[in-house]
Amino acid sequence: MLPDWAVVTADRRAHIERVAGLLAQWATALAVPATEAERWRRAAWLHDALRDAPAATELDHGPMCADRLARDGERDQGVLDAVRYHSVGYAGWDGVGRMLYLADYLEPGRRFDATLRTALRDRMPEEHGAVLREVARRRIEWILRSSWGLKPETVAFWNALGSA
Ligand SMILES: [Fe+2]
């Protein structure tokens with residue numbers, strides 16, 4: 001569930017619940033151990049916990065939240081990295097970071113490119129490696145079309161996927 005310091009709107013909370021729901025579904029389908037499913041659940045509930053805080057931006061709400069979690073005693077580096085880098089990608093992720101990145105993009109409440117998202121979601125979780133490359137490619141294309149630059153973490157993430 002959300003920590004008591006979370007700052008989220010009702011819409012954000014609904015998004016977080018859908019991300020958690022998708023991850024729970026994938027964990028069941030892949031029969032991952034209960035401890036791993038619990039990490040995915042934690043990452044889902046925590047990743048956007050500060051997204052609507054007054055000082056938060058699209059790019060820094062993940063790091064702000066990871067810093068807060070680390071201060072509060074979170075010791076699971078995979079969960080911290082999943083939260084910290086969920087907006088940009090990270091080459092050093094383990095399963096929890098990769099699955100959160102996928103669920104955050106593919107959750108059914110997002111309206112943009114809904115048909116394509118549905119098609120990608122239908123290939124999950126069995127084809128998670130191929131779908132991850134497709135999601136990363138689409139997110140990077142979006143950044144390239146915008147006026148933002150690519151973060152070094154995003155470039156390293158993409159290059160690691162290409163050689164995987
Ligand atoms: Fe999210």
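Some values worked out for this structure:
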{"item": "Derived scalar couplings ³J(HN,Hα) [region 142-153; Karplus, 6.51 cos²θ - 1.76 cosθ + 1.60; whole Hz; x for Gly, Pro]", "result": "5, 5, 5, 6, 7, 8, 7, x, 7, 6, x, 4"}
{"item": "Principal axis dimensions, largest first and in whole angstrom, of region 110-164 by Cα", "result": "31, 28, 11"}
{"item": "Relative contact order of region 33-164, pairs being alpha-carbon contacts under 8 Å that are 6 or more residues apart, as %", "result": "21 percent"}
{"item": "Kirkwood Rh in Å, taken over region 32-75 so that all alpha-carbon pairs contribute", "result": "11.3 Å"}
{"item": "Backbone HN-Hα couplings from phi across region 27-42 [Karplus 6.51/-1.76/1.60, Hz, Gly and Pro as x]", "result": "4, 5, 5, 8, 6, 6, x, 4, 5, 6, 4, 5, 5, 4, 5, 5"}
{"item": "Vicinal HN-Hα couplings computed from phi for region 120-127 (Karplus, 6.51 cos²θ - 1.76 cosθ + 1.60; Hz; Gly/Pro x)", "result": "5, 5, 5, 8, 9, x, 4, 9"}
{"item": "R0 of 22 Å, Cβ-Cβ distance GLN77-GLU134: FRET efficiency to nearest 0.05", "result": "0.25"}
{"item": "Calculated FRET efficiency for the pair THR35/ALA91, C-beta based, R₀ 41 Å, to 0.05", "result": "0.95"}
{"item": "Loop-resident sites, region 62-110, for trypsin sites (Lys or Arg not before Pro), counting at most 16 other Cβ within 10 Å (DSSP)", "result": "ARG75, ARG110"}
{"item": "Prolate/oblate/rounded label for the chain (Cα gyration tensor, a/c 1.5)", "result": "rounded"}
{"item": "Cut-off 14 Å between beta-carbons: net charge of the residues surrounding TRP5, Lys and Arg +1, Asp and Glu -1", "result": "-3"}
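Every read-out reported here was derived from the displayed coordinates using simple, explicitly stated rules and does not represent laboratory data. These figures come from a predicted structure and were not determined experimentally. Please note: Cβ atoms are built from the backbone with ideal geometry, for glycine as well, and neighbour counts cover all protein chains shown.
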